[in-house]
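*Asks:* Just passing along the structure, written as structure tokens.
The values are calculated or read from the model by the stated rules, or taken from the named source; none is laboratory data. Quick caveat, the model's predicted, so the values are computed rather than measured. All Cβ positions, even for glycine, are placed from backbone atoms using ideal geometry, and neighbour counts span all protein chains on display. All accessible areas refer to the heavy atoms of the entire protein, side chains included, with ligands and DNA or RNA removed. Shrake-Rupley method; radii C 1.70, N 1.55, O 1.52, S 1.80 Å.
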Amino acid sequence: MKVIVTKDYEEMSRVAADIVSQVIREKPDAVLGLATGSSPIGLYRNLIAMYEEGRLSFKHISTVNLDEYVGLPVSHDQSYAYFMRFNLFDHVDIDIGNTHIPDGCAADLDEQCRRYNSLLATLRQDMQVLGIGSNGHIGFNEPGTSFDSVTHVVDLTESTIRDNSRLFASIEDVPVKAVTMGISNIMNAKKIVVVANGSNKAQAVYNMVKGNVTEDCPASILQRHANAVLVCDTLAAAKLQQ
Ligand code: F6R
């Protein structure tokens, strides 16, 4: 995979936003696969700025999000539906009806996964935005997940629950399950951009880019994608340069 190392989070966010905005300009009705978490917030901030300056429109864009916690209603400020409105959708001209996020409160979660898979078959991502977990997860596909997986319900690992507890009042409040696109749904995207920053991502970034392609590090599969680029800051890139 192609690697772009930037000096800090701000530059990483600008470079990644340029890559995503290029796709939107070339194809105004593109399908964007989106991620939540702290890594892409700056990227979204840059996209909002381009919209505000009249340089970008989301009017005909559709989006599919990677994942959602099980049990958090859309009104919960840690739900990914809330995150997307707060960090992007409420600030651009996107038609909210064209935005799609798994429903983690669906009565029948297996049925919800099947529906999301059918949706992804019709809305193939022109560009998928990814972050990477410190354990190498992409979406909520934790180590050990099959590379052939499609949308499914996952039990979050202890390390992911610990990582995400920073955003909740206490670790007991972090949901223990999520609905996530599978790895094959992610690999089906025409283009992929991964954003990673901070020293806590350095080992996962190394395993993703230079490690063996193994289900122990879900992100390592991206080495086999024809059009994947990693944009990361120097801290996240530290082990690549050794
Ligand atoms: C979020 C997602 C996760 C995050 C990853 C990194 O939708 O699917 O894979 O991208 O956990 O999270 P941050 O960016 O908060 O370090």
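*Asks:* Projected onto the charge dipole of the chain (+1 at Lys/Arg Cβ, -1 at Asp/Glu Cβ, origin at the Cα centre), which of Val31, Val5, Ala219 gives the Cα projection farthest towards the positive end?
*Replies:* Checking the options against the dipole of the chain, the answer is Val5.
*Asks:* Considering only Ala238, Val195, Tyr51, whose Cα is most displaced toward the positive end of the charge dipole of the chain, charges sitting on Cβ of Lys, Arg (+1) and Asp, Glu (-1)?
*Replies:* Ala238
*Asks:* Could you give the accessible area per residue of the chain, probe 1.4 Å, as a whole number in Å²?
*Replies:* 44
*Asks:* At a 1.4 Å probe, what is the % contribution of carbon and sulfur to the accessible area of segment 2-233?
*Replies:* 48
*Asks:* While we're looking at this one, here's another question. For segment 1-85, state which trypsin sites (Lys or Arg not before Pro) are in a DSSP loop and have at most 15 other beta carbons lying within 10 Å of their beta carbon.
*Replies:* Listed in order of number, the matching sites are Lys7, Arg55, Lys59.
*Asks:* Assigning unit charges at the beta carbon (Lys, Arg +1; Asp, Glu -1) and nothing else, what dipole magnitude in debye, to the nearest 20, does segment 2-233 show about its Cα centre?
*Replies:* 780
*Asks:* Who wins for biggest fluctuation among Ala107, Ala49, Ala202 in a Gaussian network model of the chain, springs between alpha carbons below 10 Å?
*Replies:* Greatest mean-square fluctuation among the candidates belongs to Ala107.
*Asks:* Write down the Å³ per residue value for the convex hull defined by the alpha carbon atoms of the chain.
*Replies:* 113
*Asks:* Note down the magnitude of the dipole of segment 147-187 about its Cα centre, charges +1 on Lys and Arg C-beta and -1 on Asp and Glu C-beta and zero elsewhere, to the nearest 20 debye.
*Replies:* Dipole of segment 147-187, to the nearest 20 debye: 100 debye.
*Asks:* Using R₀ = 30 Å, calculate the FRET efficiency as 1/(1 + (r/R₀)^6) where r is the Cβ-Cβ separation of Ser199 and Arg85; round to 0.05.
*Replies:* Result of the calculation: an efficiency of 0.45.
*Asks:* Where the centre of each part is set by its Cα atoms, how far does segment 35-81 sit from segment 181-227, in angstrom?
*Replies:* When both Cα centres are located, 21 Å separates them.
*Asks:* Just need the relative contact order of the chain here, percent rounded to a whole number, with Cα pairs under 8 Å and 6+ apart.
*Replies:* 26
*Asks:* Still on this structure, I have one more. Suppose we look only past 13 Å in the calculated P(r) of segment 92-138. What percent of the Cα-Cα pairs does that tail hold?
*Replies:* Counting pairs separated by more than 13 Å, the tail of P(r) holds 71 percent.
*Asks:* Just by accessible area at a 1.4 angstrom probe, what is the order of Glu53, Glu172 from largest to smallest?
*Replies:* Reading off the accessible areas and sorting them downward yields Glu172, Glu53.
*Asks:* Using 7 Å Cα-to-Cβ label points, what is the Ser159/Ala226 separation (nm, one decimal)?
*Replies:* Using points 7 Å along Cα→Cβ, the separation is 3.2 nm.
*Asks:* Assigning unit charges at the beta carbon (Lys, Arg +1; Asp, Glu -1) and nothing else, what dipole magnitude in debye, to the nearest 20, does segment 127-242 show about its Cα centre?
*Replies:* Here the size comes out at about 500 debye.
*Asks:* With both partners inside the chain, how many of the DSSP beta bridges are antiparallel, as a percent to the nearest 5?
*Replies:* Of those bridges, close to 30 percent are antiparallel.
*Asks:* Let me ask another. Please go through the residue pairs Lys2/Lys201; Lys177/Lys210; Lys27/Lys210 and name each one whose alpha carbons sit more than 24 Å apart in this structure.
*Replies:* Lys177/Lys210; Lys27/Lys210
*Asks:* Just name one of Ile138, Val229, Tyr69: the one whose Cα is farthest towards the positive end of the charge dipole of the chain (beta-carbon charges, Lys/Arg +1, Asp/Glu -1).
*Replies:* The listed residue farthest towards the positive side: Val229.
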